[in-house]
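Report on one structure; see the data block that follows.
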Amino acid sequence: MFGTLLRFWDLGEWSFWIDEVFTVRDAQNLSLRSWQGIPNPIPYLAVKLSIALASDSEWGSRLIPCIIGIAAIPAVFGLGRTLFNWRIGLLGSAFVACSSWHLFWTQNARYPVFTLLFAVLTAWSFYLSLEHDSTLLTIGALVSCLCLILSHTLSVVIVPALAIYALICLLEKRSRKRWLNLLIFFFPFAMPVLALLLPQVRGYLFSGWGHNEWQRSPIYIVLTLIHGVSVPIAVTAFFGFVTTGRKRSVQFLLCYAGVPMVLFLVASQFQNVAGYYLFWTIPAYFILAGVACERVWEAVESQSSRKILGMFMPCVLVVTLLSQTYLYFQIENGGRPRWREAFEAIQAEKRSTDSVVLSEPEMGRYYLPELTSVYIGGLLDDEEEFEREWKSSGRRRLWFVVDVASFNVFDADVAVRDWIRERGHLVETFPAFSRAKDRTIYIYLLE
């Protein structure tokens, strides 16, 4: 109930950001003819249904993703209880409920919350299927895993993670039933490997983002995860692993979270890989943090000291997570740039002949469709040519929307921003700082 309250709080207050707008646009245009070309159809279908039920506003587009995010909280409890006991399950789900990173993606019309829920369901049912040699649970794990991959293609790295754990289990016990169940689960994933022979598939995997223009390094990926779950949770989870590493349930969590991270760190050397692609692995960290809390409780012999320490350590972790959640609501603007407010400022002073120059024209087409949205690429390529075209057009008024987070990537030398400042005047500033990044938006008018 607490997690639900947090996730519906200010759900429609935050502006869309660029990836959300792309998702909403693609979801609106989704049809029986076009859905086959989308590699991750489940989030788009969910957002389309959400829009149909509750409108294409921020609140309406995020409704179903929000519900999916809420559903993950009891799912983490179930996984933690199955792997260990109800106390650890409760602690793990409480940490998820208070997590600002989980809150951010739950309040997003995007895919990460879908990957987390389906990953937890996959891990839960796969672990139980090996414990009980159950064909029915194996089929359930397979269905959940397919839904996970259809939520985000790169989540397929869970398959080798589960394969390594399956090998560990086979070393302990081999039976015809177990071999059959593993064949049922892994065989469907062996066939798509052949798809790499198709140039379309290879092109999708290694085009565009494959150039890693955002300079995402292995250390960036690791720090994204640590920052996302919080440093205290990461440290506590590490000690939870160290003190109970021989348990099979801990080995399972190590495979679940560790193998995908290693594969991503290797892939980051030649493919653009973001840390939040591993968002679905964070339940392992929260559950391991719960394990560490219980280990501290068990290590204390005095009953009175046990009660104090048993409450103190989880409370410190919860307070830390809630402090980040407080910042999320009160300081960080929900972790997003203030695009909507920026376009409302332009709306108040625009003329019908004006144009808006942006790094993300789709934002302009969504929030201010009556004005022409121009990609700033022309100014990036040739400042003098851009200025000549502007003068030849009769010096029409140009609005420049300078979003600092994007400009810091393609305008690292600040040359474009200097050009804008010299010729235009600052109309308004929309400050926003979140997740260790400046997301401020400046509005300039050139006339």
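Miscellaneous remarks
- Residues of the stretch 328-361 that turn out to be over 25 Å from the mean Cα position of the chain (by Cα) and buried (at least 16 other Cβ atoms within 10 Å of the Cβ), as a count: 8
- Counting the residues of the stretch 251-274 that are buried (at least 21 other Cβ atoms within 10 Å of the Cβ) and either in a helix (DSSP H, G or I) or touching a Leu at 6+ places or on another chain (Cβ under 6 Å) (or both) gives 7.
- Residue under evaluation Val113, criteria (1) in contact (Cβ under 8 Å) with a residue 60 or more places away in the chain; (2) buried (at least 23 other Cβ atoms within 10 Å of the Cβ); (3) of a type in the set (A, V, I, L, M), criterion not met: (1)
- Scanning the stretch 411-440 for residues that are at pLDDT 90 or above, crowded, with 19+ Cβ neighbours inside 10 Å and closer than 23 Å to Thr224 by Cβ yields Ala432, Arg439.
- Restricting attention to the stretch 362-410, the residues that are more than 29 Å from Asp26 (Cβ to Cβ) and either surrounded by 13 or more Cβ atoms within 10 Å (Cβ to Cβ) or within 34 Å of the chain's Cα centre (by Cα) (or both) total 6.
Matching residues to (1) modelled with pLDDT of 90 or more; (2) over 22 Å from Leu142 (Cα atoms); (3) of a type in the set (Ser, Thr, Tyr):
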| residue | (1), (2), (3) |
| --- | --- |
| Val157 | yes, no, no |
| Lys177 | no, no, no |
| Ile184 | yes, no, no |
| Val193 | no, no, no |
| Pro199 | no, yes, no |
| Arg202 | no, yes, no |
| Leu225 | yes, yes, no |
| Ala234 | yes, yes, no |
| Ala237 | yes, yes, no |
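- The number of residues in the stretch 126-160 that are surrounded by fewer than 24 Cβ atoms within 10 Å (Cβ to Cβ) and not β-branched (Val, Ile, Thr) comes to 17.
- Any hit, the stretch 90-100, residues being in contact (Cβ under 8 Å) with a residue 40 or more places away in the chain and touching a Leu at 6+ places or on another chain (Cβ under 6 Å): yes
- Tally of residues being under 26 Å from Pro43 (Cβ atoms) and assigned to a helix (DSSP H, G or I) across the stretch 130-150: 13
- Some residue of the stretch 219-232 being farther than 30 Å from Ser406 by Cβ and surrounded by 15 or more Cβ atoms within 10 Å (Cβ to Cβ): yes
- Pairs with Cβ under 7 Å, 6+ apart, first in the stretch 408-432 and on the phi > 0 side of the Ramachandran plot, second among the aromatic types (Phe, Trp, Tyr) and in a loop (DSSP other than H, G, I, E, B): none
- Members of the stretch 83-99 found to be buried (at least 24 other Cβ atoms within 10 Å of the Cβ) and of a type outside the set (A, V, I, L, M, F, W, C), listed by number: Gly92, Ser93, Ser99
- Some residue of the stretch 10-24 being over 23 Å from Phe430 (Cβ atoms), touching a residue at least 12 places away in the same chain (Cβ under 8 Å) and in contact with a Gly (Cβ under 7 Å, 6 or more places away or on another chain): no
- Residue match in the stretch 81-101 (condition: outside any helix (DSSP H, G or I), at pLDDT 95 or above and polar (S, T, N, Q)): yes
The values are calculated or read from the model by the stated rules, or taken from the named source; none is laboratory data. Quick caveat: nothing in here was measured; it's all calculated off a predicted structure. Please note: Cβ atoms are built from the backbone with ideal geometry, for glycine as well, and neighbour counts cover all protein chains shown.
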